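Take a look at the structure below.
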Amino acid sequence: MSKNKFNPAKSIQDIQYFGEFGGVNPSISDSATYTFMRAKSMLDTFEGNAEGCYLYSRHTSPSNHYLSMALAQMENMESANVAGSGMGAITPVILQLAGAGEHIVSSRTIYGGTYAFLKNYIPKFNIKTSFVDITNLKKVEEAIQPNTKLIYCETLSNPLLELADIEGLSKIAKKHNIKLVVDNTFTPLIFTPANLGADVVIHSLTKFINGMNDTVGGVICASNDFINELKSVNDGSSMLLGPVMDSLRSAQILKNLRTLPIRMIKHSQNTQYLAERLEADGVKIKYPGLKSHPQHKLFTKMMNPEFGYGGMITFDLLTGKMATEFMEKLQERNVGYLAVSLGFYKTLFNAPGKGTSSEVPEEEQEKMGLSEGLIRMSIGLDYDIESTYQIMKQTLKEIGYFNKITA
Ligand SMILES: Cc1ncc(COP(=O)(O)O)c(C=O)c1O
């Protein structure tokens with residue numbers, strides 16, 4: 001690790017919080033509301049002028065503050081605000097930045113819930129979205145209109161693993177004086193979008209950051225000003241829509257954050273191993289750690305190299321039937337679970353066309369290359385990845401995959 005370069009894992013290592021009674025973990029705040037010894041301090045807090053005072057837990061609680069600040073530090077941003085889910089982070093950001101009569105440019109390959117929100121939900125507030133191929137900067141710039149307020153993308157997209165050139169997008173956003181909002185859920189630590197010019201960085205904490213699949217959660221990392229805007233008691237989307245995280249969950253996620261660096265390294269090592277072995281067997285794997293990934297070079301240029309190329313792979317099993325058979329057999333053989341979501345210690349897999357991207361209409365799926373047989377795998381922290389590989393290869397043989405691709 002170079003000494004001067006920003007390293008997100010070192011930021012996590014450097015977090016030092018003491019509990020109220022000297023505990024090595026900060027005490028959990030078990031209150032919805034907070035007292036003031038003087039009425040004036042309450043007034044000051046309402047007006048946002050009382051540093052360190054808490055008013056009401058929908059606004060901020062000490063536990064949420066600890067987790068928010070740790071995540072802001074990890075993303076090298078001034079401030080952050082945790083939310084009760086990833087969607088509870090995404091939707092207030094969009095509604096804060098765009099209003100009636102305004103416009104958004106979004107990547108067309110994004111999480112299905114975000115896509116549905118942009119495509120089906122916010123048109124009722126007269127906010128329109130143009131969906132573009134985010135890897136084509138020219139197309140992105142052409143889609144910008146005088147009333148465009150933000151560009152929205154995922155660093156590595158769900159489910160197609162397309163990489164957004166954050167630096168290039170940031171130049172376009174700055175030129176047009178609009179915000180660049182980046183969902184970094186697939187690639188925590190691997191990318192630091194703020195260092196590449198992103199204005200707002202979002203995570204679904206449900207995934208790698210918590211890593212235990214026992215809760216949903218989200219976070220918005222941004223400037224002090226923007227986080228304060230979101231929390232404004234008068235017109236802040238986070239404050240007024242109320243997607244608040246519970247303090248107990250917050251405390252738990254903070255503890256899991258401490259092991260994120262070693263988990264990400266292991267996820268990446270295991271996935272790289274499987275991707276290389278399966279590709280050598282003739283499987284058409286999509287993984288940014290392979291030279292065959294169209295944006296392997298860009299990924300390598302943008303990444304914090306210590307953390308590898310991430311824990312997600314996709315490949316096409318040619319038909320929906322073969323995909324189903326493969327996933328059911330993998331589950332029977334205890335390779336992992338047939339389940340949506342990602343970033344878990346155990347491998348998870350699903351066919352996104354009929355699952356997490358089912359909100360995307362079929363003709364759009366076809367345009368994007370999201371075929372029926374495409375499966376997405378989030379590779380777990382397996383100690384013996386060689387045995388996982390052997391089971392996967394054997395299962396592919398049994399379902400007739402290799403015969404089909406050589407036919
Ligand atoms: C990239 C991405 N962003 C956001 C979300 C939404 O997060 P949550 O389910 O925590 O609301 C998901 C969920 O799958 C996701 O994959």
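With r as the distance between the Cβ atoms of GLU359 and LYS40 and R0 = 51 Å, compute the FRET efficiency 1/(1 + (r/R0)^6) and round to 0.05.
0.55
With all protein chains present and a 1.4 Å probe, how do ARG333, ARG258, ARG108 order by accessible area, largest first?
Final ranking, largest accessible area leading: ARG258, ARG333, ARG108.
Between PHE307, PHE349, LEU338, whose Cα lies farthest towards the positive end of the dipole of the stretch 298-365 when Lys and Arg beta carbons carry +1 and Asp and Glu beta carbons carry -1, centred on the Cα centre?
Toward the positive end, the furthest listed residue is PHE307.
For the stretch 113-130, just list the computed ³J(HN,Hα) in residue order, Karplus coefficients 6.51, -1.76 and 1.60, θ = phi - 60°, integers in Hz, with x standing in for Gly and Pro.
x, 5, 4, 5, 4, 6, 7, 10, 9, 6, x, 6, 9, 6, 10, 10, 10, 9
When the accessible area of the chain is split by element with a 1.4 Å probe, what percent falls to carbon and sulfur?
Carbon and sulfur together cover 51 percent of it.
What order do CYS53, CYS221 take when sorted by accessible area (1.4 Å probe), most exposed first?
Correct descending sequence by accessible area is CYS53, CYS221.
Please report the projected area of the stretch 307-356's Cα convex hull averaged over all directions, in nm².
3.9 nm²
Accessible area per residue for the stretch 167-265 in Å², computed with a 1.4 Å probe and the full protein assembly in place, what is it?
35 Å²
Over the stretch 19-74, give the accessible area per residue in Å² for a 1.4 Å probe, as an integer.
Computed with neighbouring chains in place, this is 64 Å² per residue.
So how tilted is helix 247-257 from the main axis of the chain? Cα-based, degrees 0 to 90, rounded to 10.
It works out to around 50 degrees.
Any chance you could run the full-extension gain for LYS321 through GLN390? It's 0.36 nm times the residue separation minus the Cα-Cα distance, nm to one decimal.
So the chain would gain 22.7 nm between LYS321 and GLN390.
Given a Förster radius of 60 Å and the C-beta distance between GLU47 and ALA407 as r, what FRET efficiency does 1/(1 + (r/R0)^6) yield to the nearest 0.05?
0.25
Roughly how compact is the chain, stated as its Cα Rg over 2.2 N^0.38 Å to two decimals?
1.00
How large is ³J(HN,Hα) for each residue in the stretch 162-170, as worked out from phi by the Karplus curve 6.51 cos²θ - 1.76 cosθ + 1.60 (θ = phi - 60°), to whole Hz, x for Gly and Pro?
Once rounded to whole Hz, the list reads 8, 9, 8, 7, 4, 4, x, 5, 5.
Direction-averaged shadow area of the convex hull around the Cα atoms of the stretch 13-108, nm²?
For the stretch 13-108, the mean projected area of the Cα convex hull comes to 9.4 nm².
Give me the percent relative contact order of the chain, please, defined on Cα pairs under 8 angstrom at least 6 residues apart.
Relative contact order for the chain comes out at 16 percent.
Below 8 Å, C-alpha to C-alpha, sequence gap of six or more: please give me the relative contact order for the stretch 189-294 in percent.
After rounding, I find 19 percent.
Heavy-atom accessible area per residue, the stretch 320-407, 1.4 Å probe: how many Å²? Mind dumping the intermediate values first?
Details: 4250 Å² over 88 residues.
With all protein chains present, the stretch 320-407 gives 48 Å² per residue.
The values are calculated or read from the model by the stated rules, or taken from the named source; none is laboratory data. Keep in mind it's a predicted model, so treat the numbers as computed, not measured. Cβ: placed from backbone, ideal geometry, glycine included. Neighbour counts: every protein chain shown. Quick note on the areas: whole protein, heavy atoms, side chains included, nothing else; ligands and nucleic acids left out. Shrake-Rupley method; radii C 1.70, N 1.55, O 1.52, S 1.80 Å.
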